[in-house]
Amino acid sequence: MARKSENIYAMYKGDTYVDMGTAHELAKKYGLKPETIWWLSSKNSHKRAEKGNNYTIVIKVEDVEDD
């Protein structure tokens, strides 16, 4: 099973693509904590994003398998 930190995520600001990488890569690049990236990828965060059109969301793209 893949660890959360190894999953690949895509970050969007509103409808605009921002970046892609692991939670740790995105967190480091944008001055956030990995937990924030995981929160932004949650269903609750996505529901809040529906209320505003310039909200940052993160979508999990793929799971990386541990060998």
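Can you name the residue in the range 14-31 that is of a type outside the set (Phe, Trp, Tyr) and assigned to a strand (DSSP E or B) and, of all such residues, is surrounded by the most Cβ atoms within 10 Å (Cβ to Cβ)?
Taking the range 14-31 and keeping what is of a type outside the set (Phe, Trp, Tyr), we get 14-16, 18-29, 31.
Still in the running and assigned to a strand (DSSP E or B): 16, 18-21.
Numbers: Thr16: 9, Val18: 15, Asp19: 14, Met20: 14, Gly21: 17.
Among them, the one singled out is Gly21.
With the requirement that a residue be free of Cβ contacts under 8 Å to residues at least 12 places away in the same chain, in contact with a helix residue (DSSP H, G or I) (Cβ under 7 Å, 6 or more places away or on another chain) and not in a loop (DSSP other than H, G, I, E, B), what does the range 32-51 give you?
Of everything in the range 32-51, those that are free of Cβ contacts under 8 Å to residues at least 12 places away in the same chain, in contact with a helix residue (DSSP H, G or I) (Cβ under 7 Å, 6 or more places away or on another chain) and not in a loop (DSSP other than H, G, I, E, B) turn out to be Thr36, Trp39.
No lab work stands behind these numbers, since they all come straight from the coordinates. All figures in this text were calculated on a predicted structure; none of them were measured in a lab. Every residue, glycine among them, receives a Cβ derived from its backbone with ideal geometry; neighbour counts consider all protein chains shown.
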